[in-house]
Amino acid sequence: MNQEVKSGKILSPAKPWTERHVPGIQVPDEQAALKATFTEPTVECPECHALVTRTAMTFNAYVCPQCDEHLRMKARDRLNWFFDQVQNELGQEFVAKDPLKFIDSKAYPDRMSEAQKKTGETEALVVMQGVLKDIPVIACAFEFDFMGGSMGTVVGDRFVQAAERAIKEKQPLICFAASGGARMQEGMLSLMQMARTSAAIQKMKDAGLPYLVVLTHPVYGGVTASLAMLGDVHIAEPKAMIGFAGKRVIEQTVREKLEEPFQRAEYLLDHGVVDQIVHRHALRDTVYRIIAKLMNLS
């Protein structure tokens, strides 16, 4: 029995050198997940859950570089991206009122104030006048984060003003639609905007000026039943949800399960509701070619 005696004590045999702990070397935890570190705000793709920096998303027009999913764009960002040059903004003089003194869980003015702080916009429709390549155009875009892009009196006022300016200056009008429908806080006054916007579009048709609609995700309700479906050409972004009543409401009515891609842009294209589906990266060129053809500029 080999034992080492030192200072009157019996010591255990020394461990083999292969089993000795080496100071300074740390064994990594194999269970620890590796996480990417970003130095700026990121955007998570709702489809593939990839994290992409906001700068990269902006340069890619908010199309996921990993899976090609089209993310929602803010109205102002979309118009600034669409135009080569912005000349001025229209409709800022219109301000929403509270004619019905409407209160649900919150008063209407409080909801408006919250939406304005959240989005930085004064209303759910942004209208700009500018140049697309070499063609002067007027374009409007719905801000979905502003109370679901709902159409109230100010939205109607801004759209009608945009149409009247287009007629006066003989320019085409482009509408990027994204809305949940009419704004219930304004009741009948909101529903009246369907007729007002429809009449303004008819005036554009009488003047022989193009009105194009780009259907983004999602478009529903009174907006679909009026200005979003009265264009000379209807373009949709991939996988955009488009309809009047929501899918769940229809399922409860017909008592059937509606599978994908019901109400998707691809489904509506197959059934003749939209004219074409265009990738966002090709949208500016496509709109330009259509306008040039309709106005005999090509």
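Values in this text are rule-based calculations from the coordinates and carry no lab data. In this text, all values refer to a predicted model and were calculated from it rather than measured experimentally. Here the Cβ positions follow ideal geometry from the backbone for every residue, glycine too, while neighbour counts run over all protein chains shown.
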Amide H contacts of residue 178 (H built 1.01 Å from N, under 5 Å, at least 5 apart or other chain)
142
Would you kindly derive the ³J(HN,Hα) couplings of region 48-56 from the backbone phi angles with the Karplus curve 6.51 cos²θ - 1.76 cosθ + 1.60 (θ = phi - 60°), listing them in order in whole Hz, with x for Gly and Pro?
9, 6, 6, 9, 10, 4, 4, 5, 5
Virtual spin-label span in nm between residue 239 and residue 66, 7 Å along Cα→Cβ:
1.2
Under 10 Å, Cα contacts only: if you run a Gaussian network model on the chain, which one of 262, 176, 144 comes out with the highest mean-square fluctuation?
262
Sorted by chain and then number, the residues having a modelled amide H within less than 5 Å of the amide H of residue 151, at least 5 places away or on another chain, are 181, 182, 183
Report, ordered by chain and residue number, the aspartates and glutamates lying within cross-link reach of residue 106, taken as a straight Cα distance under 16 Å and ignoring same-chain residues fewer than 8 apart.
98, 114, 186
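Going by C-beta contacts inside 10 Å, put 286, 197 in order with the fewest on the left.
Values: 286 16, 197 25.
Ascending number of Cβ neighbours within 10 Å: 286, 197.
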Debye equation applied to the C-alpha atoms of region 160-298, log10 I(q)/I(0) at 0.12, 0.13, 0.15, 0.22 Å⁻¹:
-0.52, -0.60, -0.79, -1.36
Of all trypsin sites (Lys or Arg not before Pro) in region 146-179, the ones in DSSP coil with at most 12 other Cβ atoms within 10 Å are 170
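Classify the chain from the C-alpha gyration tensor, please: rounded if a/c falls under 1.5, else prolate or oblate depending on whether a/b exceeds b/c.
On the way: a/c = 2.72, a/b = 2.38, b/c = 1.14.
Prolate, since a/c reaches 1.5 and a/b exceeds b/c.
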On a full-extension model of 0.36 nm per residue, what is the gain between residue 295 and residue 170, subtracting their alpha-carbon distance, rounded to one decimal in nm?
44.0 nm
Restricting to DSSP H runs of at least four residues, report the calculated mean residue ellipticity at 222 nm for the chain, -39500 (n - 2.57) per run over all residues, nearest 500 deg cm²/dmol.
-9500 deg cm²/dmol
Once the Cβ-Cβ distance between residue 250 and residue 198 is put in as r, and R0 is 25 Å, what FRET efficiency do you end up with, to the nearest 0.05?
0.55
Can you flag which of 74/257; 97/170; 170/203; 74/117; 168/203; 133/203 are past 23 Å Cα-Cα?
74/257; 97/170; 133/203
Rule-of-thumb check for region 51-143: C-alpha Rg over 2.2 N^0.38 Å?
1.35
Could you give me the ³J(HN,Hα) list for region 265-273, computed from phi with Karplus coefficients 6.51, -1.76, 1.60 and θ = phi - 60°, whole Hz, x at Gly and Pro?
4, 5, 5, 5, 5, 5, 9, x, 7
List the residues, sorted by chain then number, that are 5 or more residues from residue 125 or on another chain and whose placed amide H is less than 5 Å from its amide H.
143
